[in-house]
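These notes concern the structure reproduced below.
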Amino acid sequence: MVYVTFVSHYGAVRFRQKMAQRGVSVTLMPVPRFLSSSCGTCARLDGDTPPEDMPRDDVEGVYVR
């Protein structure tokens with residue numbers, strides 16, 4: 001799984017929209033306890049590596065678990 005944390009909730013929503021335009025499914029969820037975030041919302045993507053063309057607007061961190 002790939003987890004992406006954001007500076008703001010709005011950034012997380014925009015990220016999901018941009019990824020949907022690319023045909024990538026994203027699940028927004030509360031940040032798991034093993035991560036931290038400024039806004040408390042993260043995006044979960046299936047797979048072992050983040051997409052290379054992933055938007056970086058408002059991204060706080062990218063974690064692979």
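Under 5 Å between amide H atoms, partner at least 5 residues away or on a different chain: which partners does T41 have, H built in plane at 1.01 Å?
Sorted by chain and number, the residues that satisfy this are F6, V31.
Assuming 0.36 nm per residue, please report the length gained on full extension of the stretch V7 to M29 beyond their Cα-Cα distance.
On the way: separation 22, 0.36 × 22 = 7.92 nm, distance 1.44 nm.
Gain on stretching V7 to M29: 6.5 nm.
Starting from the 7 Å offset along Cα-to-Cβ, what nm value, one decimal, do you get for the label separation of Q17 and R44?
2.4 nm
Treating the beta-carbon of each Lys and Arg as +1 and of each Asp and Glu as -1, no other charges, what is the dipole magnitude of region 1-52 about its Cα centre, to the nearest 20 debye? Write down the numbers at each step before the final one.
Values: 6 positive and 3 negative charges, 42 e Å.
Around 200 debye, computed over region 1-52.
In whole Hz, what ³J(HN,Hα) sequence does region 4-9 give by Karplus (6.51, -1.76, 1.60; θ = phi - 60°), x for Gly and Pro?
Per-residue couplings from phi come out as 10, 9, 10, 6, 9, 5 Hz.
How much area per residue is accessible in the chain when the probe is 1.4 Å and only protein heavy atoms are counted (Å²)?
Averaged over the residues of the chain, the accessible area is 61 Å².
Please list, in order along region 23-34, the HN-Hα scalar couplings obtained from phi with the Karplus expression 6.51 cos²θ - 1.76 cosθ + 1.60 (θ = phi - 60°), rounded to whole Hz, x for Gly and Pro.
x, 9, 7, 10, 10, 8, 7, x, 5, x, 4, 7
The values are calculated or read from the model by the stated rules, or taken from the named source; none is laboratory data. Note that the structure is a prediction, hence the values are computed from the model and not measured. Using ideal geometry, Cβ is built from the backbone for each residue, glycine included, and neighbour counts are taken over all protein chains shown. Protein only, heavy atoms only, side chains kept; ligands, DNA and RNA dropped before computing areas. Shrake-Rupley method; radii C 1.70, N 1.55, O 1.52, S 1.80 Å.
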